[in-house]
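Peer 1: Sending over a structure as structure tokens; questions will come in a sec.
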Amino acid sequence: MNREIDLRSQRKDEHVRHALNQNIDGIDSDFNHVHFVHHSIPSFNMEEVDLSTRIGPLEISQPLYINAMTGGSEWTRTINGKLAEVANATGVPMAVGSMHVALKHPELADSFTIVRSRNPNGLIFANVGADVSLEGAERAIEMIDADALQIHINAPQELIMPEGDRNFNIWRSNIENIVQHVKVPVIVKEVGFGMSRETLQILKDIGVKYADVSGRGGTNFASIENTRRENKDMDYLKNWGLSTAISLLEAESFVDDMSILASGGVRTPLDAMKCLALGAKAVGMSRTMLEKVEYNGVESAIEYIHQFRRQMDKISVMINAKSMEEITRSSIVFSPEILSWQKQRSLH
Ligand code: FNR
């Protein structure tokens, strides 16, 4: 293996290791500042709950997906294999991590193609950065026979990494070009810094129909990139970004024109239900699923998803909303901090 491949594979392993080591339990999640109104007399039985949803042409029986993480090294190949087995058994869509490493070094492709071989009929999302060429995006889709393409936008992460990208002015036209030409839905996603109304407006203007706001509150790449080096000179940015709950408020006026997806710090079925109530069509989890497959194994991760799903049904009963549409219309109350953000940004 040459040195460049070595370094790239090492970076993939470091991201996984640091993500697993990150202690997110103590973080005050903004989901705690969003409250459902309890209903004491439900009007339907639990078996009537139907949370099937769609991301454009993609029909999914449950509003959950395993979000982008990894690939590009031996270790991350085994992780992708395990996540694909979970996706295969549960029917949840799954995204792979950034595929640039395999576009540049085709000998590493099997750490991504393993997800298709272990989940031949499932919904799989390819993943590239916003600087990828159209030809690169098409190859990434083809490599894993992807049903959708995620384009990640991760400016803070690049800027914090000494070796990161410093050129961003092509992102917008590049994304536009890819959206116009590829044959699968293109989901533009953040990586844990959230999306503002201004960002979503740009995405809408360039024809993007699917956006994953991936907000602050879970995996924190400002911290991960600082932890990866001795000189943690930008550690003060660890609270940078918009939380997932706030991002969904920012996205409120876009839900009729775009499919909004939510991820970032989703830890419980209640968090996921709050995302749906705030307009998300589906909810993604990365770190939680990584932890499950690495620490508890595939069977346990499968059971975790089944339980997660059943508990979402139970919460549906408690809020008296049995479909995605009814959940979106359910009553929500915000704590003062969120309300203040909403007022100052004139969002409603
Ligand atoms: C990520 N994430 C990510 N996103 C992306 O679009 N491409 C990528 O290559 C990666 N790589 C990656 C590695 C690891 C180890 C983790 C944990 C995450 C970001 C991910 O998709 C998601 O946006 C954030 O992690 C927030 O979700 P969670 O982890 O809080 O559920």
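Peer 1: Do the conditions hold for F125, that is, is it buried (at least 24 other Cβ atoms within 10 Å of the Cβ), at pLDDT 95 or above, part of a strand (DSSP E or B) and of a type in the set (F, W, Y)?
Peer 2: Numbers: buried (at least 24 other Cβ atoms within 10 Å of the Cβ): yes; at pLDDT 95 or above: yes; part of a strand (DSSP E or B): yes; of a type in the set (F, W, Y): yes.
Taking the combined requirement at face value, the residue satisfies it.
Peer 1: I would also like to ask the following. Pull out all pairs, ordered by first then second residue, where Cβ-Cβ is under 9 Å, the residues are six or more apart or on different chains, the first lies in region 309-334 and is within 21 Å of I60 (Cα to Cα), and the second is at pLDDT below 95 and surrounded by fewer than 16 Cβ atoms within 10 Å (Cβ to Cβ).
Peer 2: Close Cβ pairs (under 9 Å, with a partner that is at pLDDT below 95 and surrounded by fewer than 16 Cβ atoms within 10 Å (Cβ to Cβ)) amount to V317/H39; A321/H39.
Peer 1: Hey, does region 242-250 have a residue that's among the β-branched types (V, I, T), modelled with pLDDT of 95 or more and part of a loop (DSSP other than H, G, I, E, B)?
Peer 2: Filtering region 242-250 for residues among the β-branched types (V, I, T) gives 244, 246.
Filter once more, keeping what is modelled with pLDDT of 95 or more: 244, 246.
Keeping just the survivors that are part of a loop (DSSP other than H, G, I, E, B) gives none.
No.
Peer 1: Continuing with the same structure: For region 1-117, give me every one of the strands (runs of 3 or more DSSP E) that falls completely inside it and has 3 or more residues that are out of contact with any Cys (no Cβ under 6 Å at 6 or more places or on another chain), within 17 Å of T288 (Cβ to Cβ) and within 12 Å of the ligand (Cβ to nearest atom). Show your work before the answer.
Peer 2: Numbers: elements: 34-36, 53-55, 58-60, 64-66.
Once the strands (runs of 3 or more DSSP E) in region 1-117 are filtered for at least 3 residues that are out of contact with any Cys (no Cβ under 6 Å at 6 or more places or on another chain), within 17 Å of T288 (Cβ to Cβ) and within 12 Å of the ligand (Cβ to nearest atom), what remains is 64-66.
Peer 1: If a residue has to be within 16 Å of the ligand (Cβ to nearest atom) and of a type in the set (D, E, K, R) to count, how many in region 118-131 make the cut?
Peer 2: 1
Peer 1: Continuing with this model, one more query. Quick one: what pairs do we get from region 249-264, first residue more than 29 Å from Q22 (Cβ to Cβ) and polar (S, T, N, Q), second more than 16 Å from the ligand (Cβ to nearest atom) and part of a helix (DSSP H, G or I), C-beta under 8 Å, 6+ apart or different chains?
Peer 2: Going by the 8 Å Cβ cut-off, the qualifying pairs are S253/R197.
Peer 1: Starting from residues that are within 14 Å of the ligand (Cβ to nearest atom) and among the aliphatic types (A, V, I, L, M), keep the ones in region 145-174 and report whichever is farthest from the chain's Cα centre (by Cα).
Peer 2: Filtering region 145-174 for residues that are within 14 Å of the ligand (Cβ to nearest atom) and among the aliphatic types (A, V, I, L, M), the one farthest from the chain's Cα centre (by Cα) comes out as M161.
Peer 1: Follow-up question, since we're still on this one. Checking N45 against (1) surrounded by fewer than 13 Cβ atoms within 10 Å (Cβ to Cβ); (2) under 18 Å from the mean Cα position of the chain (by Cα); (3) not acidic (D, E), only one condition comes out false. Which one?
Peer 2: The failed condition is (2).
Peer 1: Oh, and also: Identify, from the list V293, V298, V266, the residue that is hydrophobic (A, V, I, L, M, F, W, C), more than 16 Å from the ligand (Cβ to nearest atom) and closer than 27 Å to G71 by Cβ. Step through it out loud before you land on a result.
Peer 2: On the way: V293 fails: more than 16 Å from the ligand (Cβ to nearest atom); V266 fails: more than 16 Å from the ligand (Cβ to nearest atom).
Answer to the check: V298.
The values are calculated or read from the model by the stated rules, or taken from the named source; none is laboratory data. What you see is a predicted model; the values in this text were computed from it and never measured. All Cβ positions, glycine included, derive from the backbone under ideal geometry; neighbour counts span all protein chains shown.
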